[in-house]
Structures are given as structure tokens and as C-alpha cells.
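The values are calculated or read from the model by the stated rules, or taken from the named source; none is laboratory data. Predicted model only: the values in this text are computed from it and were never measured. Reconstructed Cβ throughout: ideal geometry from the backbone, glycine too, with neighbour counts over all protein chains shown.
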Amino acid sequence: MSELTRRLLLAAAATTILAAPAFAQDTVKLGLVAAMSGQSAKSGEAIVRGLSIAIDEINAKGGVLGKKVELLVRDDESNPAKGAVAARELVQREKVVGLFGGLDTPVSLAIVPFANQNKVPFMGVWAAGTPITRNGAAENYAFRVSAVDVLVDKAMVDYATKKYATKKPGMILINNPWGESNEKGLKEALAEKKMPAAGIEKFQDADVDVVPQLTRLKEGGADVLFLVANVAPSSQVVKSLDRMGWNVPIVSHWGPAGGRFSELAGPSSERVHFIQTFSFSGKLSPKAESVLAALKKKYPEIKSLADVTPAVGIANAYDAINLMTLAIAKAGSTEGAKVREAFYALPKYEGLIKTYDKPFTPTNHDALTSDDYIFTHFKNGEILPLTN
């Protein structure tokens, strides 16, 4: 176990201990399955922080259903099989009444069928794969406060058109279900604009050289690259471009935000423009000021805004757990079917990202829309908003 993983799990455990009274049955248990180790561990750290700050606030106001809220954290190591096992253990052994998902679409896709079968509300707070919430289940228990690939892909195409006047973009996509989700969405978004693609290239998580794929895109006339991958593979794309000397604009999904991208990719990391749903930079709302102050108090290692990167994990998780506990309160029960119905009748909630007004319906389980997206880039280790 890495030192970072140990520290994160201890921090989560500290929240649990503070929240839990003498008897476990007197708490409302919620579980998180996320990447707490590896190159994307910062995503897990951000999610734990967002959930923990919200839990502190909720418990200070009396908890939910008269009980304190307790958070249990499991490391999925970005592995779908391990994520599915962790979810099962949290539900069947620990008796959590709701699950939160982490960074990786393949992991969430492995958990959702189990959540639906067992009528356990699952709340995505990062993974953007369209099929997570749009899964075709007759009784769908998967909700999300996060980006959605099909909307992100349209936003990426719109941004590249406005910012770079792209005529023939290329795609460099991770070869997994998340890459497949975005390939479909990007093709649809380009078709709407009657715009051709210079090519579609795939690569693996472990690839350290993607020059062959990038060379084919360059020869195909790509004037912008659409990048979809998490931290480590995204950094390999940037380094491969550096080796080629190809200074092509990069418009990315938000994978690079989940870890040590600026460190791994080097100075050229600043060239990558990527989607986010929130930033602590600039003028903040009173809610954001309050959350930031609470973060600094609870986590003394936060000295600057660079230390709350990625803010998206914090903000999505903070809003998601508030909506989850509001649904439990509205249902007057932790029974999954009742909580699911309560999501459709939530009261208006002033969150960190926005004010939510009937964010979920039986046909829409995604609380955020493309209007809630911003484009950002790394600057001196901090994620800063960009203007179109």
C-alpha cells in the first residue's frame, strides 16, 4: 500500500469514526468505490474530501433520519473486477444504503448492474461514460452529478470550432469502454456539423509511445486532436507529440485532471484544454467560500488553490452526497426503491456547482448539463479556467 493510499484511507476512516456513535446500526452508511492508489489517486483524494466536508456539515445539522452519516471507502485500483467486488462487499457485508462511484467509467459500468439488481442507489461523481446512467434498465438506480460523454463530446467539438476553427479534427482515444463511449459521441457531434474526422486512433493504458498513431493523424490532416484518456496515458500522448515536434492544439475530456498530469506530461501539459464542472479560482459564491474554508481547516496541507486540484472531484462529490441525503430524507427511509423515487421529487438545493431544481426525472438521471461545463488548463500545477 502506497503512503498516499494509506493516508487517504486513514483520513476517510477518521471521518467515519467522528461520525459514528457507539452502535453501527445508529448510522446511515454510504460507500465510496474509487481509485485511491496509482496515477489517478488524486481523483480519489478529491472525492473523499468533497464527501467528507459535506458529511461534517450534514452531521453538524443532525444527520439524516436522525442518524449520523458514515462514509466507508474502498480502493478499486482503477480495476473493474476489484470495483465490483468492493461494491458487493460494501452492500452485503457493511450494509451501506447508497454507493458513490469514482473516476473510471469501466469500473462504474461493472458496478451499475449490481446496484440495479439489488436496488441500491448508485451516484456517479466523476466517471462520464454515457451508458452509466443511460443503461436501459427497467428500474434504473444509477444517478450522476458529473459530466456525461455525449454532452462533453458536443462541447469539445463546439470549443474546437470556436477556439481553433477546426475543419478536420482527429481523435486519439483510450481503448476501453470510456473511449468507445466518446468515439460514438464525437462521431455524432461531428456529423451534426457535417465535419469530417482526420482519423480515429486508439491506444492502451500502458503505452509509452503513441507516435505511430499520432503520425497517422498528422498525415490525415488533423488540425486539432480530441483526446480521451486518464492521467498517465494522456501524458504519454503529450510527450509523444513533443518528440514529434507537432504543436497541434489538444482539446480533451477531463481525464488529465485526475492526478499528476502536469508533473508527468511536463511543460507542454499547459497546451491541453480540458472540460471541468467547477473551479475554485476567480470570484467564488458564498457556498464555495464556505467549502474552501472548511477544506483548509480539515486538511491543513491545503496551502493554495493548486492543493485543491482537482476541484471537480471535490465539487461533484459535495453536491452528490447532499442530493443523496436529501433524497433519503425525502423518502423518510433508506429503502432503495423509496430513495430512488425521492430523487424525482427533491426540493430545490443550492449546491456548490449550481442551484439544483428538479435535477432528476425518470428519463434523466444526470443532474448536470452542458451549460455547467467550463474549459480549463494546468498552469503552475493549478487548474485554471479558460475563455472561448
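Odds and ends about this structure:
- The residue pairs whose first member lies in the stretch 139-159 and is assigned to a loop (DSSP other than H, G, I, E, B), whose second member is of a type in the set (F, W, Y), and whose beta carbons are closer than 6 Å, counting only pairs six or more residues apart or on different chains, are Y141/F122; S146/W126.
- Only one of V224, V210, V248 that is surrounded by fewer than 21 Cβ atoms within 10 Å (Cβ to Cβ) and either modelled with pLDDT of 95 or more or within 22 Å of P177 (Cα to Cα) (or both): V248
- Identity of the residue in the stretch 77-111, of a type in the set (K, R) and in a loop (DSSP other than H, G, I, E, B), that ends up nearest to the chain's Cα centre (by Cα): K95
- Residues that are surrounded by fewer than 21 Cβ atoms within 10 Å (Cβ to Cβ) and among the hydrophobic types (A, V, I, L, M, F, W, C) within the stretch 73-90 comprise A81, A84, V85, listed in sequence order.
- Total residues in the stretch 303-329, condition crowded, with 24+ Cβ neighbours inside 10 Å and part of a loop (DSSP other than H, G, I, E, B): 2
- Residue match in the stretch 42-58 (condition: surrounded by fewer than 24 Cβ atoms within 10 Å (Cβ to Cβ), at pLDDT 95 or above and either touching an Asp or Glu at 6+ places or on another chain (Cβ under 8 Å) or of a type in the set (F, W, Y) (or both)): no
- Number of residues in the stretch 254-280 that are part of a loop (DSSP other than H, G, I, E, B) and either assigned by TED's automatic domain parsing to the domain that holds R49 or buried (at least 19 other Cβ atoms within 10 Å of the Cβ) (or both) equals 6.
- Each residue in the stretch 194-210 was checked for being part of a loop (DSSP other than H, G, I, E, B) and out of contact with any Phe, Trp or Tyr (no Cβ under 6 Å at 6 or more places or on another chain), and 11 pass.
- Test result for Y373, farther than 30 Å from E263 by Cα and of a type in the set (F, W, Y): no
- Subset of the stretch 174-200 (residues that are surrounded by fewer than 19 Cβ atoms within 10 Å (Cβ to Cβ), over 23 Å from the mean Cα position of the chain (by Cα) and within 14 Å of L151 (Cα to Cα)): E192
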